[in-house]
Each structure stands twice: as C-alpha cells, then as structure tokens.
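The structure appears below as structure tokens.
Any read-out appearing in this document is the output of simple, stated calculations on the displayed coordinates, not a laboratory observation. Owing to the predicted nature of the structure, the values given are computational and were not obtained by experimental measurement. Virtual Cβ from ideal backbone geometry, glycine too; neighbours counted across all protein chains shown.
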Amino acid sequence: MLQTNFVNHTFENPLMNASGIHCMTVEEMKELANSKAGAYVTKSTTLKERAGNPSPRYVDVPLGSINSMGLPNLGIDYYLDYVSEAQTKTETPIFFSIAGMSVAENIEMLEKIQASDFHGVTELNLSCPNVPGKPQVAYDFDLTEETLEKIFAFFTKPLGIKLPPYFDLAHFDQMAAILNKYPLTYVNTINSVGNGLYIDVDKEQVVIKPKDGFGGLGGEYIKPTALANVRGFYTRLNPSIKIIGTGGIRNGQDAFEHLLCGATMLQIGTELHKEGPAIFERIASELEDIMEVKGYKSIDEFRGKLRSITD
Ligand code: SIN
C-alpha cells in the first residue's frame, strides 16, 4: 500500500530519517537500516571530521526542537566506507549527505563520490543555518546556480539538494527557475527554519549555547512552512525533479498532508529524535489507516492532488 517508486527503485514506504538525526555513527545507521524506514540518509559530511558547535546545541522543546549543531561529523571517508559496504547488503539505495564549507569543498567531495563505487543517491545540503560566519548557500541564488553549474559539468550519479524554507512566492519562482535547468533527482524541502530563539523563562536564558541561542527550528512549529515549500516547488519544478518533504511530520496525518502537497519521499527529524527508530512503524501504520478510511490503495492515487478553493 505504501510502496513508493523513486530513483528507479521501489521503496517499501516513503519514510526516512532527516539527515543529522540518528545517522552520525555506524551504530545509528545500522539501527535505521534495521528499522521500518523505507530508506535512510547519512549525517551531512565535510571532507574532514568536525567537532561542531559547543553543547548544549540541540534541545527538544514542547512544540519541536531548536538546534545549532554546526555540522559535527566524522568526515567523508567514514561515511563513504560505511555506505560502500552497506550497499552490498541491501538493494535499497542509501542516501549520502554532504555539506561542504565552500563550493570547492563540495566539488572535491562530489569528485570523491563520483570516483567511488557508491551507487546510491547523493544529497547536497545547501541549507545548514548553523555554522557561524557561513550564510546558507541556498539563500544566495547566484551562488546556488554557480554551484550546480560546476557540479553537473562532471557529476553523473543521482543528486538531490536540500533547501531551506522560502517565504516569498517570488523566491519560489526564482529558485525553481534555476533548479529546472539541471538534471536534479530531487529537491528536499525544508531544512530547519533558521535562527529561531527559544527562551527558558525561569532562567531568563536561551536554551542552546552556540550563537547566543539562535538555532534552527524543527517539529510542529514548522509544518505549515514545510507544506508550503513542498507545494510551492511541486507546482513549479519539472515533474522529473521529485520532492522529498521534510518538516513537522509527527504522525500519519502529517505524512498524508506532505504527500497530498506533492512529496514523494518523507523525512523525519525532530520526532525521530524524540521517539527513536520505532517511529517509522507507527507512522507507516497511521498513514495506512488514513488511506484505508479514505479508500486509497496507493499513494499515487492522491499524491500532489491538494485542492484549491475555486468557487
Ligand atoms: C547542523 O549540523 O548544524 C545541522 C545541519 C543542517 O541544519 O543542515
């Protein structure tokens, strides 16, 4: 019932982790591989290992989460070794996330991936809001285009990009016009809503240490923004560029809403952090229940079919 076709592969269901959650170490990735997730993605990596920002740097709050992790990761070789080995044990493509600190670093990592025997999907993260002094690439349209131009001059494996939220329809138009020039496999929308501020009112203090408490928001706070971005890009991108919907998925209804807006795969961050990998079985079963009540036998019957009010 939940089977999903994506990158020439049939996934058992569309559910995945969002990069950064439960995918830093081999142990965590193996837990995802053994969970009911349809697929999984590695932590966004840089060329060299990074310690990231000082703690506390990720805090669960009542309506979601706030984080400023700062891209802690174990370096590209760690993740590339893992996925190259793991892909021999499963037919399911693994997603490999990268987030270089510069265009040159992204190119160097993609050259490494191109030369490797990894045959899964690469996700280029252009939307990390948490590295002090490094604005998000995807808020700079010219730099995004320059990056994609350089990448597609040599990279031939499946590639998706992870975007931050946009808040103005003119920005959806501008970004979609750029993305439509390239043979992207998918667009993953959205990363956290950058630079929110959560306050502990008893202490009269911020709750995370980096950047004076400013951090990316996830969870319930961001679902309407995520749905708008899924819809905004689904209605503007070439149909060959699929959408991964990320943001605020806590139950089967949230998953259904993302699919109705046009998402093909779905990523879960904040709620996976709160609940652990058992969440995939729960959400898959809740989604199936909703589909059964509505009489849908497959996701394709309703994907993207959100109605406008026309009368
Ligand atoms: C981080 O490591 O700071 C989170 C990654 C991201 O938001 O892209």
With respect to Thr88, is the statement that it is under 18 Å from the mean Cα position of the chain (by Cα) and away from the ligand (no atom under 14 Å from the Cβ) true? no
Looking only at the stretch 278-285, decide whether some residue is surrounded by fewer than 23 Cβ atoms within 10 Å (Cβ to Cβ) and among the β-branched types (Val, Ile, Thr). no
Any idea which of (1) part of a helix (DSSP H, G or I); (2) touching an Asp or Glu at 6+ places or on another chain (Cβ under 9 Å) is the one Arg236 doesn't satisfy? (1)
Listed residues Met1, Met109; which is away from the ligand (no atom under 16 Å from the Cβ), farther than 25 Å from Ile222 by Cβ and outside any strand (DSSP E or B)? Met1
Any chance Ser65 is within 14 Å of the ligand (Cβ to nearest atom), outside any loop (DSSP other than H, G, I, E, B), among the hydroxyl-bearing types (Ser, Thr, Tyr) and crowded, with 22+ Cβ neighbours inside 10 Å: yes
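Residue-wise test of (1) crowded, with 17+ Cβ neighbours inside 10 Å; (2) outside any loop (DSSP other than H, G, I, E, B).
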| residue | (1), (2) |
| --- | --- |
| Asn5 | no, yes |
| Thr10 | no, yes |
| Met16 | yes, yes |
| Cys23 | yes, no |
| Lys30 | no, yes |
| Ser35 | yes, no |
| Ala39 | yes, no |
Of the conditions (1) within 14 Å of Ile249 (Cα to Cα); (2) crowded, with 18+ Cβ neighbours inside 10 Å, the single one that Arg303 does not satisfy is (1)
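Hey, among the residues in the stretch 182-215 that are among the small types (Gly, Ala, Ser) and touching a Gly at 6+ places or on another chain (Cβ under 6 Å), which one's surrounded by the fewest Cβ atoms within 10 Å (Cβ to Cβ)? Let's see the steps before the verdict.
Narrowing the stretch 182-215 to residues among the small types (Gly, Ala, Ser): 192, 194, 196, 213, 215.
Those still in the list that are touching a Gly at 6+ places or on another chain (Cβ under 6 Å) too: 192, 194.
Details: Ser192: 31, Gly194: 20.
Checking each candidate, the answer is Gly194.
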Residue check, Pro183 within 19 Å of the chain's Cα centre (by Cα) and not in a helix (DSSP H, G or I): yes
If Pro72 passes every condition in (1) more than 13 Å from the ligand (Cβ to nearest atom); (2) surrounded by fewer than 20 Cβ atoms within 10 Å (Cβ to Cβ) but one, which one does it miss? (1)
Quick check on the stretch 47-55. Is at least one of its residues surrounded by fewer than 20 Cβ atoms within 10 Å (Cβ to Cβ), touching a residue at least 40 places away in the same chain (Cβ under 8 Å), part of a strand (DSSP E or B) and more than 18 Å from the chain's Cα centre (by Cα)? no
